[in-house]
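Worksheet: the structure to be examined is printed underneath.
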Amino acid sequence: MAKVSLDEIDAQSKAALMRHGAAEWIAGEVAYAVRKAESVGNRICGLYYLESYCQQLKTGRVRGDVEPVVSQPRPGAVVVDAKFGFAQPAFSRALDRAVEAARSCGVASLAVGHAHTCTSLGFFTEKIAKRGLVGLGMTNASPIVAPPGGKSRVIGTNPIAFSVPDGKGGIVMQFDQSTTTVALGKITMAKAAGERIPEGWALDASGQPTTDPEAALAGSLVSMGGYKGWGFGLMAELLAAGMTGGVVSRDVKPLKAPEGAPHDLGQYYLLMDPDTSGAFYDRLAQVAEGVALDEGARMPGQGKREADPVEVPDALWAQVAALAG
């Protein structure tokens, strides 16, 4: 394992993206998201994805030279067309206007349409929370989840992220989770490592439980909590596609395939001003106090710290160096 600083991860990622066709400012936005993922151990959304970004820039599956177009059709609704480019720069272009709208209206939506996969949804809701607003985000993905009792893939892992500000410029609570029992990346990583997966994660193509990652990838993932998770997945599907003009999961091709149609995904965010009620931070303190009653209990995301440097597998870091040229 190589020990690599976050600055070096950022620099090499940006160089790799620019070498494969991304404009400098766009490469900078995406590289920063890679850096953030690696800093908190989110390997699936970090350097693990860089090769795919570069391949898809080269083939044109994602455009690295487009300017996102931001509009505001209603006072509390901000919309950004990513133009089949990366989600990170599209979100960045629209965030200031969405924050201003939320402060004016008490709540506002930010709809990012026609975008590449956002990879780490919590990366975006954290940005909202660091601006002093409560952030809720949803997106969809390539189809891998069948309805309870069925075997046909209908929706993706369809994550939901939620970030809460502490009133002092930081984050007091955050979760970012798929609506399946486990994220798809953990299945693909298990397959690459030649490992089995726990029962309860996935079904094979005939709808039977499996511990074989290859059979799981040919079958479907299981919604967390059965019908309950399925409902949350459908909620994310309808908002991510319906409120942004992005495609439904059934029309999303495999996200890491080098060639093919653009992802054309949507990400839908709600930004809520906690000062609207006048009671938010008091109630937050009461809830946090209750969570802390038992030793070892904590709020989601509490205590998470960025590491610098971080450990990167030698083979992966060699791949990054090759991509960066």
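The values are calculated or read from the model by the stated rules, or taken from the named source; none is laboratory data. Model, not experiment: these values are computed from the prediction. Every residue, glycine among them, receives a Cβ derived from its backbone with ideal geometry; neighbour counts consider all protein chains shown. Just the protein is used for accessible areas: all its heavy atoms, side chains included, with ligands, DNA and RNA removed. Shrake-Rupley method; radii C 1.70, N 1.55, O 1.52, S 1.80 Å.
General remarks:
- Among residues of region 193-217, those that are in a helix (DSSP H, G or I), of a type in the set (Gly, Ala, Ser) and out of contact with any strand residue (DSSP E or B) (no Cβ under 8 Å at 6 or more places or on another chain), counted: 1
- Within region 103-141, the set of residues being surrounded by 22 or more Cβ atoms within 10 Å (Cβ to Cβ) and either part of a loop (DSSP other than H, G, I, E, B) or at pLDDT below 95 (or both) comprises His116, Thr117, Cys118, Thr119, Ser120, Leu133, Asn140, Ala141.
- Enumeration of residues in region 168-212 that are under 20 Å from Arg305 (Cβ atoms) and open to solvent by 50 Å² or more (accessible area, probe 1.4 Å): Lys168, Gly169, Ile171, Phe175, Asp176, Gln177
- Being among the small types (Gly, Ala, Ser) and within 17 Å of the chain's Cα centre (by Cα) is a condition met by no residue of region 193-213.
- Helices (runs of 4 or more DSSP H) enclosed by region 1-63 - at least 1 residues per element that are of a type in the set (Phe, Trp, Tyr) and under 25 Å from Glu259 (Cβ atoms): 50-59
- Some residue of region 142-157 being open to solvent by less than 20 Å² (accessible area, probe 1.4 Å), at pLDDT 95 or above and either acidic (Asp, Glu) or assigned to a helix (DSSP H, G or I) (or both): no
So that you can scan it fast, the table gives a plain yes or no per residue for (1) more than 21 Å from the chain's Cα centre (by Cα); (2) among the aliphatic types (A, V, I, L, M); (3) open to solvent by 10 Å² or more (accessible area, probe 1.4 Å):
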| residue | (1), (2), (3) |
| --- | --- |
| Met18 | yes, yes, yes |
| Glu38 | no, no, no |
| Leu47 | no, yes, no |
| Tyr53 | no, no, no |
| Ser92 | no, no, yes |
